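Report on the following structure.
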Amino acid sequence: MNFPTTRQVRWLIKPVWFLACLAPFVWLTLAVFGLAGLSLGADPIEETQDFIGIWALRLLLVTLALTPLRLLTGQVWLIQLRRMTGLYVLFYVSIHFLNYLIPDQGLDLGAITEDIVERSFITLGIAALTCLIVLGITSTHGWRRRLGRRWQKLHRLVYAIGILACTHFWWQVKLDTLEPTIYAGILAVLLGVRVYFRLIKNRKAQQS
Ligand code: HEM
């Protein structure tokens, strides 16, 4: 018998994965209300921005890791977690964006426009969010059917989102670039594995 079976993926792995992806949001909610001994510290707005931003990036990298992991391990079910994880990225980036718009900028449209134009890392963040919204909307079966072959091409935007997100992180760091370098390195490895498998596939196609 195959492990895991379709039933196990549907009724066990997916719900567990759903709860795991929700954990940062639960942590944030508890910290906002000062429950379970958690707190957001002296600057709750910045702490929320950073905490949610980093989790959005981590889950984005997890989304990008699922296909290489499937290719390396042959575990096809991993692909079934991709849509849910990607939608969680959109969820966390939306909170990150709303935290910036409302508590941070007080919905001051003038200041926000100035920020988007003058601070390059904000411009990149907005570009990444826009692409994520497009992917989120078109992630359904209906859109997949409607777009046919173009769906796959459109969803390659996720690689651009990875690059935008890592650069966004890098550009907003003032001194210590170690953390963004590590995330950018992970992204480079994940994209490299895909390129490697693509080259192998092309070579096999040429030989046959
Ligand atoms: C895919 C989209 C995005 C991802 C993955 C992302 C991720 C991140 C990460 C990892 C950080 C740094 C956290 C840390 O220092 O520990 C960050 C900071 C930040 N991001 Fe984003 N972000 C995205 C989009 C946006 C958008 C759309 C905005 C607002 C327009 C935004 C505004 C900010 C701000 C203001 C900071 C904090 C800068 C500071 O602490 O000085 N981000 N983001």
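Laboratory data are not the source of any read-out in this text; all were calculated from the coordinates shown. Computed from a prediction, not measured in an experiment: that's the story for all the values here. Using ideal geometry, Cβ is built from the backbone for each residue, glycine included, and neighbour counts are taken over all protein chains shown.
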Estimated inter-spin distance, Trp11 and Thr29, nm [label 7 Å along Cα→Cβ]: 2.6
Computed [θ] at 222 nm, helices only, for the chain once each DSSP H run of length n ≥ 4 contributes -39500 (n - 2.57): -25000 deg cm²/dmol
Label-to-label distance, nm, for residues given as Arg146 and Ala20 (7 Å Cα→Cβ offset): 3.3
Segment 139-204: chymotrypsin sites (Phe, Trp or Tyr not before Pro) in DSSP coil with no more than 15 other Cβ atoms inside 10 Å: none
Using alpha-carbon coordinates, inclination of helix 109-118 to the longest axis of the chain, degrees: 60
Degrees, to the nearest 10: 44-73 long Cα axis against longest axis of the chain: 10
R0 of 22 Å, Cβ-Cβ distance Leu38-Leu69: FRET efficiency to nearest 0.05: 0.10
Measure of compaction for segment 56-176 (Cα Rg per 2.2 N^0.38 Å): 1.18
Backbone HN-Hα couplings from phi across segment 139-146 [Karplus 6.51/-1.76/1.60, Hz, Gly and Pro as x]: 7, 7, 4, x, 5, 4, 5, 4
Angstrom value of the Kirkwood radius, inverse mean 1/r, which spans all Cα pairs in segment 1-78: 14.8
Quotient of Cα Rg and 2.2 N^0.38 Å for the chain, N being how many residues it contains: 1.14
Projected-area mean, segment 33-98, by convex hull of Cα positions, square nanometres: 5.6
Vicinal HN-Hα couplings computed from phi for segment 161-169 (Karplus, 6.51 cos²θ - 1.76 cosθ + 1.60; Hz; Gly/Pro x): 4, x, 5, 4, 5, 5, 5, 4, 5
